[in-house]
1. Would you mind listing the strands (runs of 3 or more DSSP E) fully within segment 1-111 where at least 3 residues are within 19 Å of residue 130 (Cβ to Cβ) and touching a residue at least 12 places away in the same chain (Cβ under 8 Å)?
2. In segment 220-258, how many are in contact with a Gly (Cβ under 6 Å, 6 or more places away or on another chain) and crowded, with 22+ Cβ neighbours inside 10 Å?
3. Pull out all pairs, ordered by first then second residue, where Cβ-Cβ is under 7 Å, the residues are six or more apart or on different chains, the first lies in segment 263-280 and is touching a residue at least 12 places away in the same chain (Cβ under 8 Å) and farther than 13 Å from residue 248 by Cβ, and the second is surrounded by 11 or more Cβ atoms within 10 Å (Cβ to Cβ) and hydrophobic (A, V, I, L, M, F, W, C).
4. Find all pairs meeting these conditions: Cβ atoms under 6 angstrom apart; at least six residues apart or on different chains; first residue within segment 229-251 and under 23 Å from residue 35 (Cα atoms) and among the β-branched types (Val, Ile, Thr); second residue modelled with pLDDT of 95 or more and open to solvent by 10 Å² or more (accessible area, probe 1.4 Å).
5. Among the listed residues 199, 217, 269, 261, which satisfies the condition of being of a type in the set (A, V, I, L, M) and loosely packed, with under 14 Cβ neighbours inside 10 Å?
6. Can you run down the residue pairs with Cβ atoms below 9 Å, 6 or more apart or on separate chains, where the first is in segment 197-220 and over 26 Å from residue 141 (Cα atoms) and the partner is open to solvent by less than 80 Å² (accessible area, probe 1.4 Å)?
7. Sort out which residues of segment 155-191 are over 16 Å from residue 144 (Cβ atoms), open to solvent by less than 40 Å² (accessible area, probe 1.4 Å) and part of a loop (DSSP other than H, G, I, E, B), and write them in order of number.
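The values are calculated or read from the model by the stated rules, or taken from the named source; none is laboratory data. Since we're looking at a predicted model, the values are computed, not measured. For neighbour counting, all protein chains shown are included, and Cβ atoms are generated from backbone atoms with ideal geometry for every residue, glycine included. Keep in mind that these areas ignore ligands, DNA and RNA; they rest on the heavy atoms of the full protein, side chains included. Shrake-Rupley method; radii C 1.70, N 1.55, O 1.52, S 1.80 Å.
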Amino acid sequence: MLAEGHTRLTLLHDLLQPERLIEIVDVGANPISAPDYQPLFAAGLARVTGFEPQEAAFKALEPMQSETARFFPFAVGDGTDKELKVCKTSGFTSLLEPNIKTFDFLGRYHRAGRVLERIEMPTKRLDDIEGLGQVDFLKIDIQGGEVDVFNHAREALKTCAAVMTEVAFVPLYEDQPLVDTQMAVMREQGFQLHKFMFVKSIPISSKLAGATIPNKVARNQLIDGDAVFIKDLFDLGDAPDERLKHLALLAEGCFRSPDLVVRCLSLLVERGTIAEADCAAYLTELEHA
């Protein structure tokens, strides 16, 4: 087993020795909770560029600014002017209009999704942002505006290793693109669905008197979740070494896919980039996980 202070992530990084930090772009960086990439950032293996248009959320991000974390107070989208709907619950704030019909069907979210303020603001296309540089990993959570970002980030995503995006199964916002639309847009740009980090489901509401459904069988309506897409998943053998190294580190330290890590290691061994014997320590720790 590893000595205290060492992790599988450390072992993997020492094995791979990437040439540079992983470049992470976080669209919708509202710090409601720690991002999934936090282990990579905390280990000093990644640099983050984040975008957050909500004033209060951006103020919470400002103390985190550093040489490896920069944040900007604007919305990313299709480059047109939009109206930000600031909702009662910060996590519901969106450029789209909350869908009251869906709230009525679900019997919830009316209070959380109540619009308190409407703010006109421009959006910026990811491909137009000066100084953005390389994007290795895109994390996006902007309540329904994801497809607008993808459609105007074609250059940025050409060499991106992976995308983690919130996907919706029901339209919590009017005209919200759902998971099938996101999958189609991602496939067009060479990304294949790899996994769901989680999916959220709730009971369908009913007014039938006396109806009591056991909780273990009641939570059936899918709502949303986070999905991971991998660039050229079926053609990883053609990916550059550096992308494979970053993908392996992301799979270990962000979206917890050790089988994908091992696939990347296998390809790097086949190329002679790393030695098979040097993989032993990581693989041993993986066996004990």
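1. Working: elements: 22-27, 46-51, 69-72, 81-87.
By residue number, 22-27, 46-51, 69-72.
2. 1
3. Matching pairs, first to second residue: 278/15.
4. Short answer, once both residue conditions are applied: 230/192; 230/194.
5. Working: 199 fails: loosely packed, with under 14 Cβ neighbours inside 10 Å; 269 fails: loosely packed, with under 14 Cβ neighbours inside 10 Å; 261 fails: loosely packed, with under 14 Cβ neighbours inside 10 Å.
Answer to the selection: 217.
6. If the second residue must be open to solvent by less than 80 Å² (accessible area, probe 1.4 Å), the pairs left are 205/106; 205/107; 206/107; 207/107; 213/203; 215/203; 218/202; 218/203.
7. 160, 161, 189, 190
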